[in-house]
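Below: one structure, written as structure tokens.
Rule-based calculations on the coordinates, nothing more; no lab input. Predicted model only: the values in this text are computed from it and were never measured. Neighbour counts run over all protein chains shown; Cβ positions are idealised from the backbone, glycine included.
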Amino acid sequence: MVHQYKLNGCNIVLDTCSGGIHLVDEVAYDIIACYKEKSQDEIVDLMLQKYGHRADVTEEEIRGCISDIAVLEKSGKLWTPDTFEPLAFDFKNRSTVVKALCLHVAHSCNLNCSYCFASQGKYHGDRALMSFEVGKQALDFLIAHSGTRKNLEVDFFGGEPLMNWDVVKQLVAYARTQEPIHGKKFRFTLTTNGVLIDDDVIEFANREMSNVVLSLDGRKEIHDRLRVDYAGNGSYDRIVPKFQKLVESRGGKNYYMRGTFTHANTDFTNDIFHMADLGFTELSMEPVVCAPDDPAALTAEDLPIVMEQYELLAKEMMRREKEGKGFTFYHYMLDLTNGPCVYKRISGCGSGTEYMAVTPWGDLYPCHQFVGEEAYKLGNIWDGVTNAAVRDEFKTCNAYARPECADCWAKLYCSGGCAANAYHATGSIRGIYEYGCELFKKRIECAIMMQVLKATDNENADC
Amino acid sequence: MERIKTIETRDLNKSVKNGGCGECQTSCQSACKTSCGVANQPCENDKK
């Protein structure tokens, strides 16, 4: 399958199944577009009609280009046949390993953000903190089910995990004692709203956390509109200096400043630029996930605005990079030569199989976004996965599980999308969250364009 | 190829043979938490 698009002065051709990417001129772009439908003579006629006035476009030259395209097809870089579907079901179905847990150490929060998908950390249930005993059992469960995997990941999540900080520290200490015994390496992530960050948190997080995710929505007026405490006061002024101190003492690495944008700030690039202007360089900004009737929800009218914003972001990032003031945007990070293998690309995020969420009570869910959905409870950390029906549903959820994805060029970039988004949009994890698909495809097009220009020294850029 | 520049990328078909070790980061352990993107996870297979 081939996908063609024009962006920022680039004519880009993607070959879905090989992962091939080609930067082409407009003549080759048009030839590729009709290559499968027309004969060679018809293509020559069409191109001469369109470009015959140009000195560089001759019949001989067009035939040369057609020949180049044929070589690419033959060498598996264009129209590569899709042979991955049997692998997708077999690979994931065979997997019995758990390698990552999202530990909900606090179903409670000191902020009261109305758009929170976790309903202020309570996940539509009771407030609770995870005990050390439950957390320890969760780590033992992870080790016991991790098979030969060496790298194990644990995200301290909530609610607000700093509300249960002592337990977090005890769990990290316990995990470190288990690493040499079992030949494992724990990578910890802390996701926090920042309110309770102090010197102790900074010192410990910088020593023990492989990654820190810091919640900031951008400009003060945007952030404080929704990220408020229970008295209704915005949190921006309290957290930004703490984030700056933490990031600086961390050497400016291994963190993400993560924001959420909503219907209220479809000009969210200004919030990303604001984060960059505050000195942060590792940035992420996610579209809000909420019910369609929520005032924060993105609307159909917002879609073209948001799409344009993603283009604007890519261009501004490249401009700032040239000025030595570059920053990264999570969704534009692509490693074309050392990216994920096809197994990762077809099997997705691993929710419900190798990745699970653990509640303060030790219940297991397919991921943090399913916590509170009783029908999706997988089991618990003492008895393991006992809900075979849900487990099997997730085992067969992959890039080939949805008929809508069959002809989608982006399926090996998103693996069929987020199961939770699909569930919330359609009631089924095998559904399609179409709005999210549109945004995702735009982001990947932008990310690839940036990589293409980087690989070709920006010679085609309009920016 | 005058009109076509092929960018260096990992060949997904070849990765059928040398991939699948599972050591790479779980995508939701990084920053998204509300979407699925696997393409930005670096490969951690040291035997490929």
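Odds and ends about this structure:
- Beta bridges per DSSP with both ends in chain A, % antiparallel, nearest 5: 40
- Reach of A:Lys454 by Cα under 13 Å, taken over aspartates and glutamates that are not fewer than 8 positions away in the same chain: A:Glu321, A:Asp335, B:Glu8
- Entry note, chain A: the mean residue ellipticity at 222 nm calculated from DSSP H runs of n ≥ 4, each adding -39500 (n - 2.57), is -12500 deg cm²/dmol after division by the residues and rounding to the nearest 500.
- For chain A, leaving out every one of the chymotrypsin sites (Phe, Trp or Tyr not before Pro) that falls in a DSSP loop and has at most 13 other Cβ atoms within 10 Å, the longest unbroken run is A:1-229.
- Cα convex hull of the range A:225-324, projected area averaged across orientations, nm²: 7.6
- For A:Cys116, A:Cys367, order by how many other beta-carbon atoms lie within 10 Å, fewest first: A:Cys116, A:Cys367
- Our note on the geometry: Cα centres of the range A:242-311 and chain B, 25 Å apart.
- Unit Cα scatterers, Debye sum, the range A:97-202: log10 I(q)/I(0) for q = 0.17, 0.22 Å⁻¹: -0.78, -1.13
- Rg/Rg_ref, chain B, where Rg_ref = 2.2 N^0.38 Å and atoms are Cα: 1.50
- Panel note: the C-alpha atoms of the range A:349-394, placed on their principal axes, show extents of 23, 20, 18 Å (largest first).
- Each DSSP beta bridge with both residues in the range A:207-335 is either parallel or antiparallel, and the antiparallel ones are about 10%.
- Taking every C-alpha pair closer than 8 Å and separated by at least 6 residues, the mean separation divided by the residue count of chain A gives a relative contact order of 16 percent.
- Kyte-Doolittle mean at least 0.0 and Cα axial length at least 24 Å: DSSP H helices in chain A: A:434-455
- Quarter of the Cα convex hull surface for the range A:256-305, i.e. its orientation-mean projected area (nm²): 3.5
- Residues of the range B:1-15 with amide N under 19 Å of a point placed 7 Å along Cα→Cβ from A:Lys50: B:2-5
- In plain terms, the chain from A:Ser39 to A:Ser114 could stretch by 21.1 nm, reckoned as 0.36 nm per residue minus the Cα-Cα distance.
- Members of A:Lys344/A:Lys442; A:Lys50/A:Lys74; A:Lys322/B:Lys14 lying beyond 29 Å, as alpha-carbon distances in this model show: A:Lys322/B:Lys14
- Net +/- balance of residues flanking A:Glu438 in space, Cβ distance below 14 Å, scoring K and R +1, D and E -1: -4
- Footprinting exposure proxy for A:Leu48, A:Leu246 (fewest neighbouring C-beta atoms within 10 Å first): A:Leu48, A:Leu246
- Just so you know, the Rg over Rh for the range A:1-91 is 1.05, from Cα atoms, with Rh as the Kirkwood radius.
- Cβ-based net charge around A:Ala410, under 14 Å, with every Lys or Arg adding one and every Asp or Glu removing one: -1
- When the C-alpha to C-alpha distance is required to be over 19 Å, the pairs from A:Lys92/B:Lys17; A:Lys184/B:Lys17; A:Lys150/A:Lys253; A:Lys253/B:Lys48; A:Lys77/A:Lys441; A:Lys245/B:Lys33 that qualify are A:Lys184/B:Lys17; A:Lys150/A:Lys253; A:Lys253/B:Lys48; A:Lys77/A:Lys441; A:Lys245/B:Lys33.
- Here's the picture: charge each Lys and Arg Cβ at +1 and each Asp and Glu Cβ at -1 in the protein assembly as shown, and of A:Trp382, A:Asn93, A:Leu216 the one pushed furthest to the positive end of that dipole is A:Trp382.
- Exposed GluC sites (Glu not before Pro) absent - longest run of chain A, DSSP non-H/G/I/E/B, at most 12 other C-beta within 10 Å: A:38-300
- Seen from all directions on average, the range A:155-242 presents a Cα convex hull projection of 6.1 nm².
- When the inverse distances between all different Cα atoms of the protein assembly as shown are averaged and flipped, the Kirkwood radius reads 23.9 angstrom.
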